[in-house]
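The values are calculated or read from the model by the stated rules, or taken from the named source; none is laboratory data. What you are looking at is a predicted structure, and each value in this text was computed from that prediction instead of being measured. Neighbour counts are summed over all protein chains in view; Cβ atoms, including those assigned to glycine, are modelled from backbone coordinates with ideal geometry. To get the accessible areas, we keep the full protein, side chains included, count just its heavy atoms, and leave off ligands, DNA and RNA. Shrake-Rupley method; radii C 1.70, N 1.55, O 1.52, S 1.80 Å.
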Amino acid sequence: MAHHVDLSAYNKLTERLNRFPQGAPPSKYLERILKILLSDEEARKVSLLPIKPFTPRQAATIWGLSETEAFKLLNELASRAILVDIHSDNEVRYVLPPPMAGFFEFSLMRIRDDLDQKLLAELFYQYLNVEEEFIKALFTEGETQLGRVFVQEAALKNSAALHVLDYERATEVIDTSEQIGISLCYCRHKMKHVGKNCDAPMDICMTFNSSAGSLIRHGHARPVDKVEGRELLAKAWEHNLIQFGENVRQRVNFICNCCGCCCEAMLAAKRFASLHPVHTTNFLPVVAHHNCTGCGKCVDACPVEAISLVSANDPHKPKRKQAKLDRELCLGCGVCVRSCPEQVIELTSRPERVITPLNSAHRTVVMAIERGMLQELIFDNRLLFSHRALAILLGAIFKLPPVKQLLASKQVKSRYLEALIAKR
């Protein structure tokens, strides 16, 4: 007799995922991905979990299980990187990360024999790279996006280096992290299974702090110290990889070392360039055209095709070319600086600084407001909403400009919230 699968469990899980500011549009490919990652009973149980972090006791209440039974299942899901377990103050809490950056990537961040990773990669490719709904929703809705680019520090000359802030440095993220985990690059691993990968290093995906702790604990990442973390940044620089990380100033959870051909963020930056899917650095390259030989190495190195070769309009050398930058496309990473053999490209400060949210809570609230989903955060399983969680949420709202505060109050239709905002 064929095993009956309750497809409604996966539909419910899809609905659950779409309560995040970063959702997962329904698709036949998404359903097949979820069926590989979770059994129908696991999908049903995960669909009942709150958006915010929760304890085994809270999960037990929701599932109608004993706390021991709930803990066993939660730990099983965490061991497969479906959930992230956060250990602090003699307490463990769990959270279901969004699909990206989250459990989609985690499934391919190590070689596993409990999954058909080739099939999974093929499904990811169809869902993320052929269909466009997921990537477009992830990277282009609202003004505030999931990730930002870090400037290549080696590309900064003394004058520009004076203007770079600590949170803009990938080295600062490494130096201030409690834990550092290194895993396989999900993007290049996925592309390898579909025969489209480049030869950039694979073992170079970085996670930090609580995310790293969970992935290390369950064997999805290997722990490294700060010295090796910096060495890997240098390796990324040598291979013209761009640092794309969480769009926050404090406690960054991930930094990917991205190529322009395999990595989702760089592909989105090219595919939806006019919608600004990735937050840039605070720098722009400037080409000293009178010294540019038109060799084209910067064109080849740019991960988002922001540089092209055009006529130098030289009457003495009519075939001479020179590099031309498209400022609207440029991410300000500085990869082009390293690639220039004549050293005629220099990073300069942008006229206006790019706004970066303070932390994950702040970014999540802003993204939710811009996408009309703040009510999902506030009214998500209100039984589990602690005073501490409410304080964090309201604190994030109070850091917003007045217009976004007003949008927040309208979305939740809360006189209490309006009164609190009015008193600030």
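In the set (1) modelled with pLDDT under 95; (2) in contact with a helix residue (DSSP H, G or I) (Cβ under 7 Å, 6 or more places away or on another chain); (3) farther than 30 Å from residue 138 by Cβ, the condition left unmet by residue 277 is number (3). If you check 118, 136, 157 for being over 16 Å from residue 252 (Cβ atoms) and touching a strand residue (DSSP E or B) at 6+ places or on another chain (Cβ under 7 Å), only one passes: 157. For the range 253-267, filtering for residues that are open to solvent by less than 20 Å² (accessible area, probe 1.4 Å), touching a residue at least 40 places away in the same chain (Cβ under 8 Å) and of a type in the set (A, V, I, L, M, F, W, C) leaves 6. Scanning the range 233-281 for residues that are in a helix (DSSP H, G or I) and either within 16 Å of residue 176 (Cα to Cα) or among the β-branched types (Val, Ile, Thr) (or both) yields a total of 1.
Please specify each residue of the range 303-337 satisfying the condition of being among the small types (Gly, Ala, Ser) and either more than 31 Å from the chain's Cα centre (by Cα) or not in a loop (DSSP other than H, G, I, E, B) (or both). Break it down stepwise before answering.
Filtering the range 303-337 down to residues among the small types (Gly, Ala, Ser) leaves 306, 308, 311-312, 323, 332, 334.
Passing the criteria: 308, 311, 312, 323.
For residue 422, indicate whether it is open to solvent by 30 Å² or more (accessible area, probe 1.4 Å), modelled with pLDDT under 70 and either under 24 Å from the mean Cα position of the chain (by Cα) or small (Gly, Ala, Ser) (or both). Yes, satisfied.
Residues in the range 203-232 that are open to solvent by 50 Å² or more (accessible area, probe 1.4 Å) and outside any helix (DSSP H, G or I): 203, 222, 223, 225. Within the range 45-58, residues that are over 14 Å from residue 18 (Cα atoms) sit with their Cβ atoms under 8 Å from residues that are of a type in the set (Phe, Trp, Tyr) and buried (at least 21 other Cβ atoms within 10 Å of the Cβ), at 6+ positions apart or across chains, in these pairs: 53/94; 54/94; 55/94; 56/94. Among the residues of the range 308-328, just one is open to solvent by less than 70 Å² (accessible area, probe 1.4 Å) and either touching a residue at least 60 places away in the same chain (Cβ under 8 Å) or among the basic types (Lys, Arg) (or both), namely 320.
Tell me whether the range 181-202 contains one or more residues that are in a helix (DSSP H, G or I), at pLDDT 95 or above and over 20 Å from the mean Cα position of the chain (by Cα). Among the residues of the range 181-202, at least one is in a helix (DSSP H, G or I), at pLDDT 95 or above and over 20 Å from the mean Cα position of the chain (by Cα), which makes the answer yes.
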